[in-house]
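Enquirer: Sharing a structure below in structure tokens format, with a few things to ask.
A short reminder: the numbers here are calculations on the coordinates, not readings from a lab. For clarity, every value in this text was computed on a predicted model and none was experimentally measured. Using ideal geometry, Cβ is built from the backbone for each residue, glycine included, and neighbour counts are taken over all protein chains shown.
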There are 4 protein chains.
Amino acid sequence: MTDTADFPPDDFDDSYRHETPPAGWLSREEIAAARAQLPIVYVDAVPVRVDDSGDVVAVGLLLRVTPEGQMTRALVSGRVMYHERIRDALLRHIEKDLGPVALPQIPASPQPFTVAEYFPTPGITPYHDPRQHAVSLAYVVPVTGDCQPQQHALDLAWLTPEQACEDTVQVEMHGGQGALLRQAMAHVGRLA
Amino acid sequence: MTDTADFPPDDFDDSYRHETPPAGWLSREEIAAARAQLPIVYVDAVPVRVDDSGDVVAVGLLLRVTPEGQMTRALVSGRVMYHERIRDALLRHIEKDLGPVALPQIPASPQPFTVAEYFPTPGITPYHDPRQHAVSLAYVVPVTGDCQPQQHALDLAWLTPEQACEDTVQVEMHGGQGALLRQAMAHVGRLA
Amino acid sequence: MTDTADFPPDDFDDSYRHETPPAGWLSREEIAAARAQLPIVYVDAVPVRVDDSGDVVAVGLLLRVTPEGQMTRALVSGRVMYHERIRDALLRHIEKDLGPVALPQIPASPQPFTVAEYFPTPGITPYHDPRQHAVSLAYVVPVTGDCQPQQHALDLAWLTPEQACEDTVQVEMHGGQGALLRQAMAHVGRLA
Amino acid sequence: MTDTADFPPDDFDDSYRHETPPAGWLSREEIAAARAQLPIVYVDAVPVRVDDSGDVVAVGLLLRVTPEGQMTRALVSGRVMYHERIRDALLRHIEKDLGPVALPQIPASPQPFTVAEYFPTPGITPYHDPRQHAVSLAYVVPVTGDCQPQQHALDLAWLTPEQACEDTVQVEMHGGQGALLRQAMAHVGRLA
């Protein structure tokens, strides 16, 4: 899992660079310690375009280049802060990655379509994050506004559900996000 | 259950009055026969207003007067036609009851928050419809446009989730729709 | 979709052969008429074996031979009768296909993991049934007892989730049940 | 929320008293620090008895006495450990509270019926925990074996869904668990 708020990857408290951290936010050392000892609460959002009947017509994937020069595709993903509601974390991460006028339709219900358990040890679940044990609540989120890749993303590509499930796309996703994307497509009835 | 497309109640094929019925639609007699022998597929929609974080701030209920002069409140509800997708039936019934510019956000996923089984015999489930056995897929549907009550509805009232769960509102709902409304509020985390 | 209660395919009211039909059941002609004009309520069940933690370890698929001699694999599937609850229909069809001591754990919640819309016209949804428009509520159902294929099934094969998602298995499933099976595996976090 | 693994309430790592803690477990001080700065992953389980059709016939509530002598009723609830799967945490907490032969049917799917967000500040959500910000994945879990209250619980009472929703029961539940219980009953179609 690439924490989209979290690039370079050792910078956990993502807003830290942009504003004065509120009292009570963890230092880099404290976060590193917590990460080694507690599961961390995350959200994963699959941004989609829908037609008037709600049918998914496109899926948005972020394109990034790793420090090693590898192209990767990613979902919107990030940590839930202390004293932050799930729905506010979803909104914050989507605006952070897709820009302030993406106009996401945050789900009315907190029921996720699945829970992705990213383990530091590969193979226990389909999800893997070498940095931590993250428990991520996953949602499909329609966006209706203008989306622009932010921060370290090179591009935001819109693919059809069929394209998003293709092997060529799946191999560019990491930590099990390819599987999570296909689960999202299964949930909306568009698994190819 | 009051079929919102279906008032007066013996008029089953709701669009029949407004346009030429497509070939293959059932006559009133055929529908009456089918209703006595097969469960009928329905959708129930709970129209809501949400804030930017997706949190429900208001629920829309249709106000009607029965032939006996009784005031009733109802959800958007109606039959799924032959060869019609669930999502298209949801869109059709919402536009029929709330007007053409209600701008509903039809869910991307076909997974309903519950299935309401309206039985002709009271007491088997919380739902009752003396006319038929209806199996209704229930969804919470945010609407963002201008909503105007249509056809036989006197008014569309927007209540807070707390008001919608109050006894004074619940007693004006029939066939178990009050219970269904509270289930919807439970699903969005707003059960009072 | 092969109605597992429905073999040979023109025999709709499945229990008809085995017992005296209750008053109000449809004749073959009446069912044929209804099928041409109304969506029919169905259930699909994906029988699974789970371990102590609820993790799916095997999926049960029915093996049949079509009149044309083709081998097919199928889920448990069948119609919901008039005045029958969804949960009772699930139990009835599982016992009919897997035998009386399959000991299924029927879900406590009526919320299905998806709704499969089988259309008589191919291509509108991933599901297709040339005989009818069926709206099928789909559930994953753990079974703990001894399962024996009944009626026209040759065998009940237990596959791992990975095997069940393989192309060689998927091509033996019809009407979109392969897609539905993979959606079920996505829902339980075991999509391969 | 009463962490059922967590009595007296300053003892966070619940298994600490019973066995040698694995390397990497947090000290009491470290947990206190993390609790003040990160949301903590929890599970809530609503233990139920079901009939052959999966319909809920009874709900199990733990009866405890607080240090102040107040009687309280509680769901099974507790923290998810580092490197522990959700389903394993559910099993562990149910066995810890209901005994080793409760025989819970852990859900095959990780999709919870809701996510209860317990905030240290009351009023932000329906859930409140003065000790921490907990994000709790909530499941209805049928149990089929012999259940015996463990540790600090005085009793395990089985109530009908209707009784469980009554005001007299609801007032004995704390931190919003009464609301969560009613959401569970809504999810299984038994909200009274």
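Enquirer: Consider A:ALA157 carefully, then state whether it is in contact (Cβ under 8 Å) with a residue 60 or more places away in the chain and more than 23 Å from C:LEU181 (Cβ to Cβ).
Expert: It is true that A:ALA157 is in contact (Cβ under 8 Å) with a residue 60 or more places away in the chain and more than 23 Å from C:LEU181 (Cβ to Cβ).
Enquirer: Additional query: Would you call B:GLY178 within 19 Å of D:ARG190 (Cα to Cα) and under 17 Å from the mean Cα position of the chain (by Cα)?
Expert: Taking the combined requirement at face value, the residue satisfies it.
Enquirer: Provide a single number: the residues in the range B:141-187 that are touching a Cys at 6+ places or on another chain (Cβ under 7 Å) and among the aliphatic types (A, V, I, L, M).
Expert: Result for the range B:141-187: 2.
Enquirer: Mind checking which residues of the range B:118-133 are part of a strand (DSSP E or B) and out of contact with any helix residue (DSSP H, G or I) (no Cβ under 9 Å at 6 or more places or on another chain)?
Expert: B:TYR118, B:PHE119, B:HIS128
Enquirer: Taking interchain pairs and intrachain pairs at least six residues apart, which have beta carbon atoms under 6 angstrom, with the first residue in the range D:63-79 and free of Cβ contacts under 8 Å to residues at least 60 places away in the same chain and at positive phi and the second surrounded by fewer than 22 Cβ atoms within 10 Å (Cβ to Cβ) and among the aromatic types (Phe, Trp, Tyr)?
Expert: Listed pairs, sorted by first residue: none to list.
Enquirer: Tell me the residue from D:ALA36, D:ALA89, D:ALA58 that is touching a Leu at 6+ places or on another chain (Cβ under 8 Å) and among the aliphatic types (A, V, I, L, M), please.
Expert: D:ALA58
Enquirer: For residues that are within 14 Å of D:TYR82 (Cα to Cα), buried (at least 23 other Cβ atoms within 10 Å of the Cβ) and not aromatic (Phe, Trp, Tyr), tally how many sit in the range A:110-131.
Expert: Count: 2.
Enquirer: How many of the residues making up the range A:158-192 are over 21 Å from A:LEU137 (Cα atoms) and of a type in the set (D, E, K, R)?
Expert: Total meeting the criteria: 4.
Enquirer: Another question about this same structure. In this structure, is C:ALA108 touching a residue at least 12 places away in the same chain (Cβ under 8 Å) and within 14 Å of chain D (Cβ to nearest Cβ)?
Expert: When the stated conditions are applied, C:ALA108 does not pass them.
Enquirer: Within the range D:113-146, which residues are more than 9 Å from every other protein chain (Cβ to nearest Cβ), touching a Pro at 6+ places or on another chain (Cβ under 8 Å) and of a type in the set (D, E, K, R)?
Expert: The answer is D:ASP129, D:ARG131.
Enquirer: Restricting to the range A:175-192, and then to whatever is under 19 Å from A:LEU63 (Cα atoms) and part of a loop (DSSP other than H, G, I, E, B), can you tell me which residue is farthest from the other protein chains (Cβ to nearest Cβ)?
Expert: Out of the qualifying residues, it is A:GLY175.
Enquirer: Here is a further query. Collect the residues in the range D:31-82 that are among the β-branched types (Val, Ile, Thr) and away from chain C (no Cβ under 14 Å), keeping them in residue-number order.
Expert: Passing the criteria: D:ILE31, D:ILE40, D:VAL41, D:VAL65, D:THR66, D:THR72, D:VAL76.
Enquirer: Answer yes if at least one residue in the range B:91-99 is farther than 25 Å from C:TYR139 by Cβ, within 8 Å of another protein chain (Cβ to nearest Cβ) and free of Cβ contacts under 8 Å to residues at least 24 places away in the same chain, and no otherwise.
Expert: Yes, because at least one residue in the range B:91-99 is farther than 25 Å from C:TYR139 by Cβ, within 8 Å of another protein chain (Cβ to nearest Cβ) and free of Cβ contacts under 8 Å to residues at least 24 places away in the same chain.
Enquirer: Against the conditions (1) under 18 Å from B:PRO104 (Cβ atoms); (2) surrounded by fewer than 21 Cβ atoms within 10 Å (Cβ to Cβ), where does B:TYR139 fall short? Just the number, please.
Expert: (2)
Enquirer: Next question. Might you let me know whether the range D:173-182 holds any residue that is touching a residue at least 12 places away in the same chain (Cβ under 8 Å) and at positive phi?
Expert: yes
Enquirer: To continue, here is another question. Residues D:PRO107, D:PRO100: which one is outside any helix (DSSP H, G or I) and buried (at least 24 other Cβ atoms within 10 Å of the Cβ)?
Expert: D:PRO107
Enquirer: Would you pick out the residues in the range D:147-165 that are out of contact with any Leu (no Cβ under 8 Å at 6 or more places or on another chain) and over 25 Å from D:ALA186 (Cα atoms)?
Expert: Scanning the range D:147-165 gives D:GLN151, D:HIS152.
Enquirer: Restricting attention to the range B:150-174, report how many residues are in a loop (DSSP other than H, G, I, E, B) and either facing another protein chain (nearest Cβ under 10 Å) or surrounded by 24 or more Cβ atoms within 10 Å (Cβ to Cβ) (or both).
Expert: Here the count works out to 0.
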